[in-house]
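**Q** Supplied in structure tokens, the structure appears directly below.
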Amino acid sequence: MGVDANELCNELKALRKGRGLSVPPPPAALGPAVRVVCGISPDDAPASTHRKVVARMRELAATLPGDLRVAVLAAFGLHEDATAKFLKERVLSAAQMLERDERTARRRIDEAIERLAELAATSTDLASPAASPGHRWHTEELRVALLVDGPMVDAFVFRRIVAGENGIEELDLALTLSAAARQGEPVRESEFEIDAFYGGALTGRTMESKERIHLALRLPAPLRRDQRHDFLLRTRAKLSAPYYVSVPRQPCELFDLHVRFAGEPPAKTGRLAEIFQQDASDNLVEGTPLELDASGALHTEFRTLQRGFAYGVRWQP
């Protein structure tokens, strides 16, 4: 089903009013064009609808130039530095971030929304990754806390999933723990540990490649469509390659990563986003520089991850 770009543009401009998309919009505020491009169905609950709209807007905004991306995220209340209650205040925040006056910031916002509407209206894949049909479940949140301590890496992996159908009893998971891989040789089971703290029981694990671990997680009870489920895994592995990445198979809306270096801080740290998995092991791929805080830690996040690509952090000892 196609949409008219002008109609969609008007509906998007209406969504920036008040608190924008920082809170679930009233059902009446979502026009037919927005519902189509965000993959919203009549059966979606308000929380699910809100999640789909936010994910789609973030996905589209990520394709825009930096100034337009900042402007539109601020207008919708989706920028971390522009969360004020009223649009006028968020416009002022956008102006400050862009180092422009308020009038210019408003023009940037209008231009960004027009670009979003054109992009969404002409796209052949109108639904957001999370809303795409054919997925039994998708990841709403993936949060990893990583401790690098000499030759060992400890990771606590929290995941919140959303069921796409009824009766899901087991999850097929895959985790790329590249930091555990030995150069030229596969990871051996004696070199890593994986435990389920809550949310299910691990009933099987196999190595799919030298670095990729397949996990079967049996759930406490079958899930219903649109039901959320949380679980926590702990991984402990031997370090030999200085990076940690996740390669999503299912749609993933958010990957939040904390890394702390317990010993000597690395000389460099870099953020890896949407790269080929094999490129993570390439010494020439340093990523976008990241700074450690006073405790020797860093934090980064990724949104609307593309399936089959690697996301994470690389460092140089």
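The values are calculated or read from the model by the stated rules, or taken from the named source; none is laboratory data. Nothing here was measured: the structure is a model prediction, and the numbers come from that model. Backbone-built Cβ (ideal geometry, glycine too); neighbour counts: all protein chains shown. In case anyone asks, the SASA skips ligands and DNA or RNA and just uses the protein heavy atoms, side chains included. Shrake-Rupley method; radii C 1.70, N 1.55, O 1.52, S 1.80 Å.
**Q** Quick test for you: out of Gly204, Gly263, pick the one residue that is open to solvent by 20 Å² or more (accessible area, probe 1.4 Å) and part of a loop (DSSP other than H, G, I, E, B).
**A** Gly263
**Q** All but one of (1) within 26 Å of Glu274 (Cα to Cα); (2) modelled with pLDDT of 85 or more hold for Leu92; which doesn't?
**A** (1)
**Q** Output the residues belonging to segment 167-193 that are modelled with pLDDT of 90 or more and either open to solvent by 10 Å² or more (accessible area, probe 1.4 Å) or in contact with an Asp or Glu (Cβ under 9 Å, 6 or more places away or on another chain) (or both).
**A** Selection gives Gly167, Glu169, Glu170.
**Q** Considering (1) open to solvent by 80 Å² or more (accessible area, probe 1.4 Å); (2) at pLDDT below 90; (3) under 19 Å from the mean Cα position of the chain (by Cα), say which one Thr83 fails and leave the rest.
**A** Failing condition for Thr83: (3).
**Q** Could you please tell me which pairs satisfy a Cβ distance under 8 Å, a separation of 6+ or placement on different chains, a first residue in segment 78-101 that is of a type in the set (Phe, Trp, Tyr), and a second residue that is surrounded by fewer than 17 Cβ atoms within 10 Å (Cβ to Cβ) and in a loop (DSSP other than H, G, I, E, B)?
**A** Phe86/Gly18
**Q** Among the residues of segment 215-227, how many are in a strand (DSSP E or B) and either surrounded by 15 or more Cβ atoms within 10 Å (Cβ to Cβ) or among the polar types (S, T, N, Q) (or both)?
**A** The qualifying residues number 5.
**Q** Residue by residue through segment 80-99, note down the ones that are among the aliphatic types (A, V, I, L, M) and within 15 Å of Val23 (Cβ to Cβ).
**A** Ala82, Ala84, Leu87
**Q** Considering only residues that are surrounded by fewer than 18 Cβ atoms within 10 Å (Cβ to Cβ) and small (Gly, Ala, Ser), look in segment 290-317 and name the one that is modelled with the highest pLDDT.
**A** Applying the filter and picking the extreme gives Ala297.
**Q** Do we find a residue being out of contact with any Lys or Arg (no Cβ under 7 Å at 6 or more places or on another chain) and either farther than 23 Å from Ala74 by Cβ or polar (S, T, N, Q) (or both) anywhere in segment 33-40?
**A** yes
**Q** Can you pull out every residue in segment 9-38 that is in a loop (DSSP other than H, G, I, E, B) and open to solvent by 50 Å² or more (accessible area, probe 1.4 Å)?
**A** Lys17, Arg19, Ser22, Val23, Pro24, Pro26
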